[in-house]
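Structure, as C-alpha cells:
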Amino acid sequence: MIKVGLIGCGGIAGAHLRALAAFEERARLVAALDANPEQSRRVGEEYRGITVAQNSESFWDVAMDAVIITVPNRYHRAYVEAAAARGLAIFCEKPLAANLADAAAMTAAVERAGVVNLVGFKNRYFGGIQALHRLLGREGLGALFAYREVCSGARLVNPSIGMEWRMREEIAGGGAVADFGSHSLDMATWLFTPQAGPLVNLDGRLATFIRREGCLPSNDDMALLSGRFASGALFSALDSRVGPGLYQVEVYGALGRARVDLSDPDRLHVSAYAKDNEIAVDDDASTSLGNPFTVQMDRFLRAVAEHRLLQPDFATALSVQRWIEIARANAR
Ligand SMILES: NC(=O)c1ccc[n+]([C@@H]2O[C@H](COP(=O)([O-])OP(=O)(O)OC[C@H]3O[C@@H](n4cnc5c(N)ncnc54)[C@H](O)[C@@H]3O)[C@@H](O)[C@H]2O)c1
C-alpha cells in the first residue's frame, strides 16, 4: 500500500484526491497540510483517519512514500526539496516553479535523490490527444508544418473574482504564459520534438487586460506565443485568462490536418488533403481513457510501486520553464 501525503488542499487538490480514491487497493492518503488550517481540516473530514498536520514538522513526521504538491507555484520548491531529502516520490503541479532558478534547483534535488518525479501536465492524457500522439508517432501526417493551440479559461475574467495568488508575479511568476502556456509548450514539444526536433526559438506578446477595482494583476492575462522547431515547423499558441474557456490543438502536416477540441476531448479530427491520402486513425481514437487526472494518478502510482522514472518529469518541466522565461524576456 503506497502512503501518500498531500501538501496544499485548495482547488486542484480535489481532483487529485478523487483520482487517488480510485486506486484505494494500491494507495491511500495518510496526511494533509495547508497553510490555511480550514482547508486541511476539510480534507481531514472527508478522509477519516489521516493526519491533519498543523505545520510542516508534524507533516514530515508521518510515514509516507510519496507526496502530491498542490500549493501556489512559488512554494513548490521548499516542499520538493524537503521531500527529495527524505527520498519520497514527488508529484508536483505545473508550472514547476515561479522562476527558472527555483525550477533548476528542484530538478537538481530530485535527480540527486533519484526519486520518482512527475509534473502535472495532465492535458497529455485526454483520449483525443493520446490518439494524436500515436498518429504523429507513426508519422501519419507526413512532414510536420505547424502546431497551433488555443488554451483559455474564463474564471479570472469574472468581475466577482478578486486578486488571487496567480495574478501576483512574485508568487505565480508569469500569468497566462505560465499557467496555460506551460501546458501549451509541454504539449507542442511532446508531440513535435520526436519528428521536428526541439523548439529553437520563441517570441511572446504579453498583455494584461483584467484591471478592476481591487484586482490589479502584476502579470499577464493573455500571451501570444510563436516560435519554430529545428525542422522549420512553426509553433503558435494563444494562452488566455480572458474569453470563454477553450482548448484546441491543431497540427498541420504534409498529408493533412489533425485537430482536438477539448469540448469533445476523446475525439481526434483528421482532414486529409486528398482522398487517396486518406489517413487511418486508430480504431480507439475516440475511446475515452477516462478522466485525465485518474490516468495521471495511475501512471504515478505504478511508477512509485516499481521505483521507475517516468515522463513528464522535472527535467521536462524545467525545459518548459526555460521557454516561459524566454517568452517573457522577449515579450514586447
Ligand atoms: N494541472 C492543471 O491543470 C492545474 C489546474 C489548476 C492548478 N494547477 C496548479 O496547482 C497548484 C495549486 O493551484 P490551485 O488552483 O489548487 O490553487 P488554490 O489557491 O486553489 O490552492 C492552493 C492551496 O495551497 C495553500 N497554500 C498556500 N501557500 C501554502 C504554503 N506555503 N504551504 C502550504 N499550503 C499553502 C492555500 O491555502 C490553498 O489551500 C498551482 O501550481 C497551479 O498552477 C494545475
Residues located in region 212-234, provided they are under 19 Å from W165 (Cβ atoms) and touching a Pro at 6+ places or on another chain (Cβ under 8 Å): R212
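How many residues, within region 136-160, are within 12 Å of the ligand (Cβ to nearest atom) and surrounded by fewer than 17 Cβ atoms within 10 Å (Cβ to Cβ)? Don't jump to the end; show me each part of the working.
Step one: filter region 136-160 for residues within 12 Å of the ligand (Cβ to nearest atom), giving 151, 153, 155-156.
Next cut, surrounded by fewer than 17 Cβ atoms within 10 Å (Cβ to Cβ) only: 155.
Matching residues across region 136-160 total 1.
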Failed condition for V116, given (1) assigned by TED's automatic domain parsing to the domain that holds G214; (2) in contact (Cβ under 8 Å) with a residue 24 or more places away in the chain: (1)
Those residues of region 161-185 which are touching a Phe, Trp or Tyr at 6+ places or on another chain (Cβ under 6 Å) and more than 10 Å from the ligand (Cβ to nearest atom), in sequence order: L185
Members of region 243-267 found to be surrounded by 17 or more Cβ atoms within 10 Å (Cβ to Cβ) and at positive phi, listed by number: G256
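Taking the residues in region 56-76 that are in a helix (DSSP H, G or I) and within 16 Å of the chain's Cα centre (by Cα) as candidates, determine which candidate is nearest to the ligand (Cβ to nearest atom).
Let us first name the residues in region 56-76 that are in a helix (DSSP H, G or I), namely 56-60, 73-76.
So of that shortlist, the ones also within 16 Å of the chain's Cα centre (by Cα) come out as 73-74, 76.
Details: N73: 5, R74: 8, H76: 7 Å.
The selected residue is N73.
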Members of region 43-55 found to be within 13 Å of the ligand (Cβ to nearest atom) and crowded, with 17+ Cβ neighbours inside 10 Å, listed by number: V43, V52, A53
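Can you work out which of the residues in region 18-55 that are part of a helix (DSSP H, G or I) and touching a strand residue (DSSP E or B) at 6+ places or on another chain (Cβ under 7 Å) is farthest from R308 (Cα to Cα)?
R41
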Residue pairs meeting the criteria (Cβ under 6 Å; at least 6 apart or on separate chains; first of a type in the set (V, I, T), in region 294-314; second part of a helix (DSSP H, G or I)): T294/A19; V295/Y125
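The values are calculated or read from the model by the stated rules, or taken from the named source; none is laboratory data. Keep in mind it's a predicted model, so treat the numbers as computed, not measured. Note that each Cβ is placed from the backbone with ideal geometry, even for glycine, and that neighbours are counted across all protein chains shown.
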